[in-house]
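Report on the structure given below.
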Amino acid sequence: MAIEKATQKRGKEFFLRVWPKGQMTIPRKVRRLFGIEDGGFISMVIKGDTIMLTPVKVEKGKQPYFREYSKEEVQEFLKEDKLDKETLAKARKLLRG
């Protein structure tokens, strides 16, 4: 059954692996179904224990609205984005060759 029909009839469940720094790959079929292109934007809304992702349609040459983050939020993002010491050591070793 095509993904479009499965999604319309009963919903389709996908399991995505979360990589370092929170990266995930949206399956190609899903990206095509919703018109998500490389470099495109997705809105994320959190409601209770649910994360909802919605493609953002942007006219060519325009930027979507981005909310401004407080200095405290930016500092928290930077704190969360740091590599642990073991991962940092492995990365440095790989980069040195």
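If you scan segment 46-97, which residues turn out to be of a type in the set (Lys, Arg) and in a loop (DSSP other than H, G, I, E, B)? Spell out the reasoning first.
Quick first cut of segment 46-97, residues of a type in the set (Lys, Arg) only: 47, 57, 60, 62, 67, 71, 79, 82, 85, 90, 92-93, 96.
Result: LYS57, LYS60, LYS62, ARG67, LYS82.
If we scan segment 40-56, do we find a residue that is over 21 Å from GLU13 (Cα atoms), loosely packed, with under 10 Cβ neighbours inside 10 Å and either without any contact (Cβ under 8 Å) to a residue 24 or more places away in the chain or hydroxyl-bearing (Ser, Thr, Tyr) (or both)?
No, segment 40-56 contains no residue that is over 21 Å from GLU13 (Cα atoms), loosely packed, with under 10 Cβ neighbours inside 10 Å and either without any contact (Cβ under 8 Å) to a residue 24 or more places away in the chain or hydroxyl-bearing (Ser, Thr, Tyr) (or both).
Only one residue in THR25, THR7 is at pLDDT 85 or above and among the hydroxyl-bearing types (Ser, Thr, Tyr). Which one? Quick ask: steps written out before the conclusion?
On the way: THR7 fails: at pLDDT 85 or above.
Exactly one of THR25, THR7 is at pLDDT 85 or above and among the hydroxyl-bearing types (Ser, Thr, Tyr), namely THR25.
The values are calculated or read from the model by the stated rules, or taken from the named source; none is laboratory data. Here the structure is a predicted model, which means the values were calculated and not measured. Counting neighbours? That spans all protein chains shown, and the Cβs are built from the backbone with ideal geometry, glycine included.
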